[in-house]
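Visitor: Just passing along the structure, written as structure tokens.
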Amino acid sequence: MRTLMPALAMMALIGFCSQANAQAQCPELTRLRSEAAEASKQTRGGQISDRCDAYIRSSMAWGVMVQYANDHRELCEISIRSLSEFEKYHREAVRARDNVCAGRPVRPFPPEIIRR
């Protein structure tokens, strides 16, 4: 469960590597992506009281990045596919934030694990 957010950050970084031109034209997007990846790293471990704050920062960083990517999609030559992936990372970060801050696991257990 703790490896979910770093994996998301790595997927975002890999997806972005294919857009070298966008990085040259949009250093702000590169900076925001780095901040989102770093915020995602901070969700690993830590004390329970600090975990919610870390997930809040991560979801906010992904949100800012998605907004910037939406606003500058053409200028930065961001594909619809990449934008969709960023939005997915943001949704997953929000879902993880909501779960952690409510005292639930990052990811809900699959039905076959939950015993009634």
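The values are calculated or read from the model by the stated rules, or taken from the named source; none is laboratory data. Everything numeric here is computed off the predicted structure, so don't read it as measured data. Please note: Cβ atoms are built from the backbone with ideal geometry, for glycine as well, and neighbour counts cover all protein chains shown.
Visitor: Is at least one residue of the stretch 96-109 touching a Leu at 6+ places or on another chain (Cβ under 8 Å), in a helix (DSSP H, G or I) and under 16 Å from ALA39 (Cα atoms)? Full working, then the answer.
Guide: So the first thing to find is which residues in the stretch 96-109 are touching a Leu at 6+ places or on another chain (Cβ under 8 Å), and the list is 96, 106-107.
Of the ones still in play, those that are also in a helix (DSSP H, G or I) are 96.
Okay, now just the ones that are also under 16 Å from ALA39 (Cα atoms), so 96.
Taking every residue of the stretch 96-109 in turn, at least one turns out to be touching a Leu at 6+ places or on another chain (Cβ under 8 Å), in a helix (DSSP H, G or I) and under 16 Å from ALA39 (Cα atoms).
Visitor: What about CYS26, is it of a type outside the set (S, T, N, Q), more than 15 Å from the chain's Cα centre (by Cα) and at pLDDT below 90? Talk me through it step by step, then tell me what you get.
Guide: On the way: of a type outside the set (S, T, N, Q): yes; more than 15 Å from the chain's Cα centre (by Cα): yes; at pLDDT below 90: yes.
Spelling it out, CYS26 is indeed of a type outside the set (S, T, N, Q), more than 15 Å from the chain's Cα centre (by Cα) and at pLDDT below 90.
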